[in-house]
Amino acid sequence: MSNLEDLREAFGVHDCEDHDVIDAVLDKISAQERTTEEQYLIKKGREVHRITLTKNVPATVLQVELNTPLDEDVCLTRFNELDSPDSRNPGSWFVQKGFTVRSKKEGGHWVQYAFKSNGANNLTRSEIMEYLGIADVPYTPNQIEETGPVVVSRS
């Protein structure tokens, strides 16, 4: 077996050309490292979706910050992981879309961080409007840009 065949076998990268094998393997290694790291820490600059909710049940969304780069590192060691796609659970919309959702009580509210370890992390304009509708957060369509961060608060 050649070195390329060994790499393909070891990392499961059978769907690329020979000249792309090394890049595909490096992408897999990077994703594995990032996934392990994000169990405990989301680094400054990482694009996330931050949702602030009331602490009562059922929770009400107070503010959403979507497609937003973090200003500082966020330590996730005391955060809950929300993994239920059940629509009655906060964060379920993000879980259904393949995001990791972590939450914690901060200052009398629940704060959720939603992010992906693999694939596109940002939401499109139509996905943002879909989420705001499901979360029952009032907005006007001109508040939602095609790209960049979006912040919408309940009045």
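A compact table of results
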item: Length added when fully stretched, Leu70-Leu4, from 0.36 nm per residue minus Cα-Cα; result: 19.9 nm
item: Leading residue at positive end of dipole, region 45-155 (Cβ point charges), from Phe94, Asn80, Gln112; result: Asn80
item: Region 48-95: relative contact order as a whole-number percent, Cα under 8 Å and 6+ apart; result: 26 percent
item: Mean projection area, nm², convex hull over Cα of the chain; result: 11.1 nm²
item: Scaled radius of gyration (Cα, divided by 2.2 N^0.38 Å) that region 74-128 gives; result: 1.16
item: Contact order relative to length of region 70-155, as percent, for alpha carbon pairs under 8 angstrom and 6 or more apart; result: 17 percent
item: Separation of the Thr140 and Lys104 label points, Cα + 7 Å toward Cβ, nm; result: 3.7 nm
item: Expected-Rg normalisation [2.2 N^0.38 Å, Cα atoms] applied to region 58-149; result: 1.07
item: Label-point separation in nm, Ser126 to Tyr40, each point 7 Å along Cα→Cβ; result: 4.1 nm
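Each value in this text was obtained by applying a stated rule to the coordinates, not by laboratory testing. Treat the numbers as computed from the prediction; the structure is a model and nothing was measured. Cβ sites come from the backbone with ideal geometry, for glycine too, and all protein chains shown count toward neighbours.
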